[in-house]
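The values are calculated or read from the model by the stated rules, or taken from the named source; none is laboratory data. What you are looking at is a predicted structure, and each value in this text was computed from that prediction instead of being measured. FYI the Cβ positions are ideal-geometry reconstructions off the backbone, even for glycines, and counts take in every protein chain you see.
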Ligand code: SF4
């Protein structure tokens, strides 16, 4: 049972993980079956894929189920194959890549009596040496965003491969101050950052490969690359036999390659030290509790699988993690306290944090709400917010499929591709019937139905009426994207967009809106409504039960992930199942817009 790259990355988290993992110590110098390896990797790939799809929303924490794996794996496999096929445009020589692990190049090395094993996504050999290319279902954006507003710390070389400015022998200060460059580059070395996550992964790969080669006396020039989806790629809508064809468009391929040779080289000492830690953890196999920390990645999709066990120290309600902005820690005068230090010190509930340490007004209000059990309500702000609303009011919500590979013309990798909308029309304040005032559209299959959807939505929503959404940046961006994809509806869609009003402005706040309404900056910034049951979250799922008996509990499609997976599964459902699932998806989106009506109505009644 060799340690795979994926296992290593998890084992480094903490000694408890290793002990909990039911490790058979005596088998650690033997091989692992390809089936076992493949299973581990697939789970890892899907976790990463889904985190690419959801992290921006941040609402749905995902526990990967078998159905997720089954539905999403083909998308991941396609990315991997494209990365292999397109590589020949950038690298000379022979290639070895396959979606089947059986045909991939593998390396293994025994270090301190432990066998480490990895398979390489794309193995390329030419007269200059070897190129190891790891395909990741993430995008260039994570890397190109590192830098200042004009330049990234990465730039393309003459072949079109992204490299660090320093690896291109460029004068960094011609592009950005050195301090900015260094600060951004440092993120690549942080395995818990969005970009560093993938760099650490390939650094572990390099560690295994180097040890393997060294033990076999192989001395070759090896370079390391990430193959990721190109955020600048816009699909032109060409298909062959129903399959999207990703040609090079305007000089852009759908896959970009990032040279991480120098970065992974600088990480080798760290990975070596990590391997020593893993060895000690294996020797000790100590399953006792350890301090919780960043390495648990508690709020992320890639969280440690033992979080439910270890985070049982936190109370179910009103835990310290419910404090808004707790990630910045707490302050008592000049003394700063990190949240995890406080948790490990036994301060796990909101009430365990002294008033002196609550340096943020919002946190003080949160604590008061927990103590009193009552909500905080700024009646005047809510009343003034509600006065901005005009009728009839159109409650709108989109469901989207952020497919790693663009499916339709005008889309990029991970474009939030709209496949459904729901609309409730509130004719006058408080008058809206869940069934009779509901309209919507759900794409029946995976063909491009965006035009039908846009057409119907534009028929339903007049140019001059207010459109209510919850958290407006998402819906506004989708309306803008659709406006540019369908020029014949551009004017209309842009008008709808201009008429969008965010219900969150009333529940939470919007500083500029309330300043315009005459509130001081201080008051404008403060939230309008807070109930102890919200536990720091203003998501509609948390807010809804405070104003209504409507619930998502027990719904077959009950959250955004379920919605997406259900839609993704359409093509392989049998007719009866399809009909059933289709209906469940309609009900879910209908609930989302009716929930907005219920929240607005509840707020109105609360402050009347
Ligand atoms: S949840 Fe945190 S402390 Fe527990 S095993 Fe995982 S990494 Fe270790």
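Is there a residue being under 23 Å from residue 93 (Cβ atoms), more than 27 Å from the chain's Cα centre (by Cα) and either surrounded by 20 or more Cβ atoms within 10 Å (Cβ to Cβ) or not assigned by TED's automatic domain parsing to the domain that holds residue 9 (or both) anywhere in region 131-146? Yes.
Residue 256 satisfies every condition listed in (1) modelled with pLDDT of 95 or more; (2) away from the ligand (no atom under 16 Å from the Cβ); (3) under 13 Å from residue 13 (Cα atoms) except (3). Any residue in region 239-246 that is surrounded by 21 or more Cβ atoms within 10 Å (Cβ to Cβ), closer than 30 Å to residue 486 by Cα and touching a residue at least 12 places away in the same chain (Cβ under 8 Å)? The answer is yes, given that some residue of region 239-246 is surrounded by 21 or more Cβ atoms within 10 Å (Cβ to Cβ), closer than 30 Å to residue 486 by Cα and touching a residue at least 12 places away in the same chain (Cβ under 8 Å). Entry remark, region 473-484: residues being crowded, with 16+ Cβ neighbours inside 10 Å and touching a helix residue (DSSP H, G or I) at 6+ places or on another chain (Cβ under 7 Å) number 4 in total.
The set of residues in region 316-364 that are within 26 Å of the chain's Cα centre (by Cα), farther than 16 Å from residue 537 by Cα and more than 16 Å from the ligand (Cβ to nearest atom) comprises 328, 329. Residues in region 323-332 that are in contact with a helix residue (DSSP H, G or I) (Cβ under 8 Å, 6 or more places away or on another chain) and surrounded by fewer than 14 Cβ atoms within 10 Å (Cβ to Cβ): 325, 327.
Take the conditions (1) farther than 27 Å from residue 80 by Cβ; (2) part of a helix (DSSP H, G or I); (3) within 16 Å of the ligand (Cβ to nearest atom); residue 276 misses just one of them, which is (3). Of note, residue 309 does not satisfy the criterion of being closer than 21 Å to residue 358 by Cβ, touching a residue at least 24 places away in the same chain (Cβ under 8 Å) and outside any loop (DSSP other than H, G, I, E, B). Criterion first (outside any helix (DSSP H, G or I), within 20 Å of the chain's Cα centre (by Cα) and closer than 27 Å to residue 47 by Cα) does residue 192 satisfy it? Considered against the rule, which asks whether it is outside any helix (DSSP H, G or I), within 20 Å of the chain's Cα centre (by Cα) and closer than 27 Å to residue 47 by Cα, residue 192 comes out as yes. I'd like the full set of residues that are within 12 Å of residue 594 (Cβ to Cβ) and assigned to a strand (DSSP E or B), limited to region 418-438. Across region 418-438, the qualifying residues are 422, 423, 424, 425, 426, 438. Any residue at all in region 155-174 that is touching a residue at least 24 places away in the same chain (Cβ under 8 Å) and in a helix (DSSP H, G or I)? Yes; the residues of region 155-174 include at least one that is touching a residue at least 24 places away in the same chain (Cβ under 8 Å) and in a helix (DSSP H, G or I).
Of the residues making up region 286-307, none is at pLDDT 95 or above and away from the ligand (no atom under 16 Å from the Cβ). When residue 268 is tested against (1) under 27 Å from residue 186 (Cβ atoms); (2) within 16 Å of the ligand (Cβ to nearest atom), exactly one condition is not met: (2). The one condition from (1) at pLDDT 95 or above; (2) crowded, with 17+ Cβ neighbours inside 10 Å that residue 194 does not meet is (1).
Identify, from the list 462, 532, 487, the residue that is more than 26 Å from residue 53 (Cα to Cα) and surrounded by 18 or more Cβ atoms within 10 Å (Cβ to Cβ). Let's see the steps before the verdict.
Working: 462 fails: surrounded by 18 or more Cβ atoms within 10 Å (Cβ to Cβ); 487 fails: surrounded by 18 or more Cβ atoms within 10 Å (Cβ to Cβ).
Answer to the selection: 532.
When 96, 5, 25 are checked against the criterion of being at pLDDT 70 or above, more than 30 Å from residue 563 (Cβ to Cβ), away from the ligand (no atom under 16 Å from the Cβ) and surrounded by fewer than 18 Cβ atoms within 10 Å (Cβ to Cβ), 96 stands alone in meeting it.
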